[in-house]
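Working notes, beginning with the structure itself.
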Amino acid sequence: MSVLLLRLAGPLQAWGSAARFTRRTTENAPTKSGVLGLLAGAQGRSREADLSDLAALEFGVRIDQPGSRMRDFQTAHHADSGKSMPLSERFYLADAVFVAGVAGEPGLIRALYEALLDPVFLPYLGRRSCPPSRPIPMSEPLETSLKDALERAEWQASRWYQNQFSGSRRPERAPGTGPETLEVLLDCPAGETPDVTLRDLPLSFDPRHRRYGLRGVRWGEPVPVQPPAHDPTDGLPPAAPRTTRCI
């Protein structure tokens, strides 16, 4: 089995699993349907294409930087009549960073990795208005389990976020919370009881009749993280080279 790790970082992200009509919510972490849609777009698949091979992939996500939830109100007008459309309420995650992973047959995982290097359709983080701020592939496919890959991946939080928890600037927090551990969400294995169930398994992205099945999610063991050491010279410009005069 091969694993492809994805770095999902950007100013805004939105991962909905139950959005309806004028209220568009977001989950606290990337959804399987959203990430598989990103991968399908990178491969250039049409919205009517078969998704069974992608839906069968094992999926997991690690929350490296939870970000903050924000709400936005949007207005629109009908393209033909010019009449005002209903007010739309949309939720986003701001300044969040996640490590997502998909695991499956090596040939498919390699094809997805290569598609992300040269995507047919530009990837976005849940909505078209949410572009990524950093490269999405973290490395070439790994020959390991998804759980091990998520546990061993380097902490991807932004430097400013990591610096809050380094050296003397690290705030007091209860043991086992904050950056001491990173939360992990995994597909629930068949036959086990999930911690939560989402309508998040993509069956069809056809805009005429989108269809999603139920997906069980379980909370994995928290992943320990080592905060960066504080370097008092970090951020200082390099010293100018010294010149020597010969007399």
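Quick rundown of the values:
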| quantity | calculated |
| --- | --- |
| Only Lys, Arg (+1) and Asp, Glu (-1) charged, at Cβ; the chain dipole about Cα centre in debye | 1020 |
| Whole-Hz ³J(HN,Hα) from phi, Karplus 6.51 cos²θ - 1.76 cosθ + 1.60, for the range 192-197, glycine and proline x | 9, 8, x, 6, 8, 10 |
| Farthest positive-ward along the chain dipole, Cα basis, beta-carbon charges - from 5, 198, 88 | 88 |
| Exposed-site-free run, longest, the chain (rule: chymotrypsin sites (Phe, Trp or Tyr not before Pro); DSSP loop; at most 15 other C-beta within 10 Å) | 122-247 |
| At most 16 other Cβ within 10 Å, DSSP loop - GluC sites (Glu not before Pro), the range 29-123 | 48 |
| In degrees, nearest ten, helix 32-43 long axis to first principal axis of the chain (Cα) | 80 |
| Magnitude of the charge dipole, the range 12-156, Cβ model with Lys/Arg +1 and Asp/Glu -1, debye to 20 | 820 |
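Values quoted throughout were computed directly from the atomic coordinates according to the rules given, and no laboratory measurement underlies them. Fair warning: this is a prediction, and the values are worked out from it, not measured in the lab. We place every Cβ from the backbone using ideal geometry, glycine too, and count neighbours over all the protein chains shown.
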